[in-house]
1. Quick one: which of ALA262, ALA226, ALA238, ALA221 is farther than 17 Å from GLU179 by Cα, exposed (fewer than 15 other Cβ atoms within 10 Å of the Cβ), within 24 Å of the chain's Cα centre (by Cα) and touching a residue at least 12 places away in the same chain (Cβ under 8 Å)?
2. Just one of LEU323, LEU358 is surrounded by fewer than 14 Cβ atoms within 10 Å (Cβ to Cβ), in a strand (DSSP E or B) and out of contact with any Pro (no Cβ under 9 Å at 6 or more places or on another chain); which is it?
3. With respect to the numbered conditions (1) surrounded by 15 or more Cβ atoms within 10 Å (Cβ to Cβ); (2) touching a residue at least 60 places away in the same chain (Cβ under 8 Å), which one is the sole condition not fulfilled by THR143?
4. What single numbered condition from (1) over 30 Å from LEU194 (Cβ atoms); (2) in contact with a strand residue (DSSP E or B) (Cβ under 7 Å, 6 or more places away or on another chain); (3) in contact (Cβ under 8 Å) with a residue 24 or more places away in the chain fails to hold for PRO84?
5. Might you check whether a residue that is surrounded by fewer than 16 Cβ atoms within 10 Å (Cβ to Cβ), closer than 21 Å to SER336 by Cα, more than 20 Å from the chain's Cα centre (by Cα) and without any contact (Cβ under 8 Å) to a residue 24 or more places away in the chain occurs anywhere in region 289-297?
6. Which numbered condition in (1) crowded, with 16+ Cβ neighbours inside 10 Å; (2) closer than 19 Å to THR249 by Cβ is the only one that TYR122 fails?
7. Against the definition (farther than 22 Å from ILE250 by Cα, hydrophobic (A, V, I, L, M, F, W, C) and crowded, with 19+ Cβ neighbours inside 10 Å), how does PHE301 come out, yes or no?
8. Applying the selection to region 103-119, what residues are more than 18 Å from the chain's Cα centre (by Cα), hydrophobic (A, V, I, L, M, F, W, C) and not in a loop (DSSP other than H, G, I, E, B)?
Amino acid sequence: MLVLCGAVAWLDAQEAVTPQRDPFIITIDPKMLGADLGIGYRGFSIIPEADTVFWLIAGGSYEWLAFYRLPDNTLYTEASGYDPIDDPPYTRLSGRLDLGIAQGLAFNESIDANLFEIFLFYKTRYDYVVDDPGAIELILESTLPDRRSIFQNSLFLGLSYNDLNTSDPHLVYHGIYGEMSAEWGPKLLFNNLLGKADFVRLNATVKGFLPLFDLDPESTANTLSAYAGAFFAVDYIAGDTIPINIQQTIGGRYPRPGLGRAVRGFEDFRFDGLFKTVLNLEFRLNLPQYTVIDTVTPGLFFFFDSGYYNFIYYNESGFLFSLGAGVYVNVWKLTSLHAYTALLLNRPRADGSYWVPLLFLLSFHF
């Protein structure tokens, strides 16, 4: 009886010191006006010692975008006869719903997540371009079938490797994340109900961070620390009808805007295309932290960006290079606010300038 009581007491003590693992994963991707919310359930595993995560991701946003292509589908230039300030920009209402499963093949104890993971999603989105009757909008001057709206469906399949640790209290990231993916959006997935889509996208993405120094790694709050980061992606699209949202982004599990924003300093979405590759190099310096409800971390960053695009169908291609520096504030480890300046190295913006004095960014560039 004493042995039994002792065993029960020991089990109770173990439960007290070993916190239960939350079966739910919550992700939030804030946007300027909107957000994407992801809920993952990992309550049981198909493969022992690896997570099986069932995902539901939903969200919406009011977006400020731009379309730098003329009605004849040639690339917009400063000599095209349009106003580079007023005519390319447009606004869009967007909503998305993704349902999927991510299956771990091996587990990474250091970050409490799958080391290798395969994933499959069914993705649905709706885009509606908000017409401004008093403006000339190049997007609405085009002949693209989704220039006003689209109801788009696709299947998304990929494999990822995750050894990226972002949990350091001083915000010194370290490790590597990489993935390969394919997205297929054929007509048979109801892609001709509103607008049209018929495409395949292949993508490879890798990013990594290297700690450089931490003046006081044992302190509760950061004193001064630094790390370097790199991001590389290559993106190829083919198909009979490629939607604007696919042409203007670099794909993967976490899509990002195309080269007009991936290479900082150039106009957002200016260099869309069917083949894109980008390389970002960055140095981040975390300054002393302070507490406002929770931890707030200011910092400095310096970057060099490069990219290459090819329209393929329109025989237009080119390289892009820029460098710059800025400041950021990481707020409660939820998101970061950035202000920076950028110098374009090999070609100007549409208005002929090579230097942008001030730009803003929500969240880290990668």
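1. Numbers: ALA262 fails: exposed (fewer than 15 other Cβ atoms within 10 Å of the Cβ); ALA226 fails: exposed (fewer than 15 other Cβ atoms within 10 Å of the Cβ); ALA221 fails: within 24 Å of the chain's Cα centre (by Cα).
From the options ALA262, ALA226, ALA238, ALA221, the qualifying one is ALA238.
2. Details: LEU323 fails: surrounded by fewer than 14 Cβ atoms within 10 Å (Cβ to Cβ).
From the options LEU323, LEU358, the qualifying one is LEU358.
3. (1)
4. Among (1) over 30 Å from LEU194 (Cβ atoms); (2) in contact with a strand residue (DSSP E or B) (Cβ under 7 Å, 6 or more places away or on another chain); (3) in contact (Cβ under 8 Å) with a residue 24 or more places away in the chain, PRO84 violates only (2).
5. Quick first cut of region 289-297, residues surrounded by fewer than 16 Cβ atoms within 10 Å (Cβ to Cβ) only: 290-294, 296.
Those still in the list that are closer than 21 Å to SER336 by Cα too: 290-294, 296.
Applying the additional criterion that residues be more than 20 Å from the chain's Cα centre (by Cα) yields 290-294, 296.
Applying the additional criterion that residues be without any contact (Cβ under 8 Å) to a residue 24 or more places away in the chain yields 292.
Within region 289-297 (the criterion being surrounded by fewer than 16 Cβ atoms within 10 Å (Cβ to Cβ), closer than 21 Å to SER336 by Cα, more than 20 Å from the chain's Cα centre (by Cα) and without any contact (Cβ under 8 Å) to a residue 24 or more places away in the chain), the answer is yes, since at least one residue qualifies.
6. With respect to (1) crowded, with 16+ Cβ neighbours inside 10 Å; (2) closer than 19 Å to THR249 by Cβ, TYR122 is out only on (1).
7. On the way: farther than 22 Å from ILE250 by Cα: yes; hydrophobic (A, V, I, L, M, F, W, C): yes; crowded, with 19+ Cβ neighbours inside 10 Å: yes.
Yes, satisfied.
8. The answer is LEU105, ALA106, PHE107, ALA113, LEU115, PHE116, ILE118.
The values are calculated or read from the model by the stated rules, or taken from the named source; none is laboratory data. Only a predicted model underlies this, so the values are computations on that prediction, with no experimental measurement involved. Here the Cβ is made from the backbone with ideal geometry for all residues, glycine too, and neighbour counts use every protein chain on show.
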